[in-house]
Amino acid sequence: MNAAKEINSELFNLDIGGMTCASCVGRVEKALERIPGVEAASVNLATEQAKIRLNLDSEVTIGGVIALVQKTGYDAKLSTPYKNTQPNQSRSFWGADGLGRVLLGFILSAPLLIPMLLMPFGIHWALSPEWQLLLASPVQFFLGWRFYKAGFKSLMSGTGNMDLLVALGTSAAYGLSVYQLIASPHAAHELYFEASAVIICMVLLGKWLEARAKQQTSEAIRALQKLWPEHAKVLAPNIAVMEGTPLDQYRDLPLEQVFPKDRVLVLPGERIPVDGLILLGSSHIDESLLTGESAPSKKIPRFESHWGIP
């Protein structure tokens, strides 16, 4: 077989910080794909990493790519080599997504929330406005500082995210309550300190659950990675995959350098390196690892017009 012509490109892994949802992933991927010289880019929310195939003949360096991602509103830095093969370090108890901040928030918010829970039973009791202000302030500005920081970055990049909404909503409730206290300190007011504090605590709880789920997902992914082959035969982009075409131009790439839309050649008897759609050929595949069925399953090409496959 004739090896495909070498392309002067290199794979880089970046640690992306500040992503909170699928829209953040899409925003980072679009920003990367718009950079000249980036041949392919893939962002993973679970591992908080981005894989970039950068053409070294272009004028853009990896430092420039990192700077452009940071302008989008997210933190970016080069990953430590082989980081994804190492077990995740347990998150700090008092870290940004640690359980300590969640517990502290609920402890401070409980005296604000309890009077609302007692009202259906005919018990009307509430803390003084000064105590409400004292308990709500650390929740708003200490535990909730992360939302102000992430929301400001999002605003400066011309986009919006959930952190910005949390910061705006809780600030409105907190600010209105403070204004009423200053404007009429001796009058009875409807204060909303408990609303701002409880919202922040609930979102922090969601962040902690999300971080915990991501850590467990990453551990499961690493366990599956041990079963994957280490390399994949990626066909040259100029080859038309059809009957009679010799599939003899490919690059034997490490698995981490395979991107979506790459076409992979799998020879008889080889393990399938990535998930995908069969474009050409047919065979029986052992799927017992996934389905538990010992008999091999027959696989044939599936062409649908809405997939856009030629």
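Looking across Leu204, Leu280, Leu209, Leu224, one residue alone is among the hydrophobic types (A, V, I, L, M, F, W, C), more than 30 Å from Thr47 (Cβ to Cβ) and not in a strand (DSSP E or B). It is Leu280. Leu280 meets each of the listed conditions (1) surrounded by 11 or more Cβ atoms within 10 Å (Cβ to Cβ); (2) under 20 Å from Phe12 (Cβ atoms); (3) out of contact with any Ser or Thr (no Cβ under 6 Å at 6 or more places or on another chain) apart from (2). Filtering the range 115-137 to residues that are among the aliphatic types (A, V, I, L, M), at pLDDT below 90 and either closer than 20 Å to Arg212 by Cβ or in a helix (DSSP H, G or I) (or both) leaves Met116, Leu117, Leu118, Met119.
Looking only at residues of the range 287-300 that are among the charged types (D, E, K, R) and touching a strand residue (DSSP E or B) at 6+ places or on another chain (Cβ under 8 Å), we find that the one that is modelled with the lowest pLDDT is Glu287.
You will find that of Gln132, Gln140, the residue that is under 19 Å from Gly206 (Cα atoms) and surrounded by 16 or more Cβ atoms within 10 Å (Cβ to Cβ) is Gln140 and no other. Among the residues making up the range 144-166, a single one is under 23 Å from Glu194 (Cα atoms), in contact with a Gly (Cβ under 7 Å, 6 or more places away or on another chain) and either surrounded by fewer than 20 Cβ atoms within 10 Å (Cβ to Cβ) or without any contact (Cβ under 8 Å) to a residue 12 or more places away in the chain (or both): Leu164. Going by the structure shown, is Val234 more than 19 Å from Phe147 (Cα to Cα), within 28 Å of the chain's Cα centre (by Cα) and not in a helix (DSSP H, G or I)? Spelling it out, Val234 is indeed more than 19 Å from Phe147 (Cα to Cα), within 28 Å of the chain's Cα centre (by Cα) and not in a helix (DSSP H, G or I).
Scanning the range 287-299 for residues that are charged (D, E, K, R), more than 21 Å from Ala220 (Cα to Cα) and either in contact (Cβ under 8 Å) with a residue 24 or more places away in the chain or not in a strand (DSSP E or B) (or both) turns up just one, Glu293. Output the qualifying pairs, or none if there are none: Cβ atoms under 6 angstrom, residues six or more apart or on different chains, first residue in the range 35-62 and over 18 Å from Asp15 (Cα atoms), second residue of a type in the set (D, E, K, R). Note: pairs meeting the criteria are Glu39/Arg53; Asn55/Glu39; Leu56/Glu10. Checking the stated criteria, Ile182 turns out not to satisfy the condition of being of a type in the set (Val, Ile, Thr) and assigned to a loop (DSSP other than H, G, I, E, B).
Scan the range 167-203 for residues that are closer than 18 Å to Ile114 by Cα and surrounded by fewer than 14 Cβ atoms within 10 Å (Cβ to Cβ) and the total you get is 1.
Of all residues in the range 167-186, exactly one satisfies the criterion of being within 14 Å of Ile199 (Cβ to Cβ) and among the β-branched types (Val, Ile, Thr), namely Thr170.
The values are calculated or read from the model by the stated rules, or taken from the named source; none is laboratory data. Source: prediction; values computed, not measured. Cβ coordinates were reconstructed from backbone atoms using ideal geometry, including for glycine residues, and neighbour counts include every protein chain displayed.
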